[in-house]
Amino acid sequence: QVQLVESGGGLVQAGGSLRLSCAASGRTFSNYAMGWFRQAPGKEREFVAAINWTGDSTDYGDSVKGRFSISRDNAKNTVYLQMNSLKPEDTAVYYCAARPYISSRYNYRYNNWGQGTQVTVSS
């Protein structure tokens, strides 16, 4: 198991930026693919972005492509989500997740989850 703790959420105006961080501990971080998901009230959990264990392959949900960027620093056991040009519809609780090696768009394939961090975008 790997333990995950997200940080960096908050309130931002539309058009602004935030950077989320997810710090990992426990198992060897570099052996894990990492994903970001989000869930707004009354909605299903949505895929946002993912990065494989080496960091050379990334994937993005259609709603964030071109605005968000995922990256990782294996020396710091941390994955980041840079969010630019934020919109009110980006408001949600953002979760990071981990699974061995290969990333996925499907939340059921991840067995390690953080507690989430709230992002609120005002219009």
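When GLU44, GLU89, GLU6 are compared by accessible area at a 1.4 angstrom probe, the order from most to least is GLU44, GLU89, GLU6.
Taking a straight Cα-Cα cut-off under 20 Å and skipping sequence neighbours fewer than 8 places away in the same chain, the lysines within cross-link reach of LYS87 are LYS43, LYS65.
Applied to the stretch 8-25, the Karplus parametrisation 6.51 cos²θ - 1.76 cosθ + 1.60 on θ = phi - 60° returns per-residue 3J(HN,Hα) values of x, x, x, 9, 9, 7, 4, x, x, 10, 9, 10, 8, 10, 9, 9, 10, 8 Hz, with x for Gly and Pro. Stretching the chain fully between ASN31 and GLN3 yields a gain of 8.7 nm (0.36 nm per residue, less the alpha carbon separation). A crude spin-label estimate for the pair ASP73 and GLN115, with each label 7 Å from Cα along the Cβ direction, gives 2.3 nm. In the chain, excluding the sites themselves, the longest stretch lacking any of the chymotrypsin sites (Phe, Trp or Tyr not before Pro) that are in a DSSP loop with at most 14 other Cβ atoms within 10 Å is 1-100. Between the alpha-carbon centers of the stretch 59-123 and the stretch 1-40, tell me the distance in whole angstrom. Using only Cα atoms, the two centres lie 6 Å from each other.
Annotation: extensible slack from SER63 through SER104 equals 13.1 nm (criterion: 0.36 nm per residue apart, minus Cα-Cα distance).
Scattering from the chain was approximated by placing one identical point on each alpha carbon and applying the Debye formula without solvent; log10 I(q)/I(0) at 0.18, 0.21, 0.23 1/Å stands at -0.85, -1.15, -1.38.
Backbone phi angles across the stretch 34-45, fed through the Karplus curve with coefficients 6.51, -1.76 and 1.60 (θ = phi - 60°), yield HN-Hα couplings of 10, x, 10, 10, 9, 9, 9, x, x, 10, 6, 5 Hz in residue order; Gly and Pro are listed as x.
Given +1 at the Cβ of Lys and Arg, -1 at the Cβ of Asp and Glu and no other charges, the dipole of the chain around its Cα centre is 140 debye to the nearest 20.
The values are calculated or read from the model by the stated rules, or taken from the named source; none is laboratory data. A quick note: this is a predicted structure, and the numbers were derived from the prediction, not measured. For neighbour counting, all protein chains shown are included, and Cβ atoms are generated from backbone atoms with ideal geometry for every residue, glycine included. All accessible areas refer to the heavy atoms of the entire protein, side chains included, with ligands and DNA or RNA removed. Shrake-Rupley method; radii C 1.70, N 1.55, O 1.52, S 1.80 Å.
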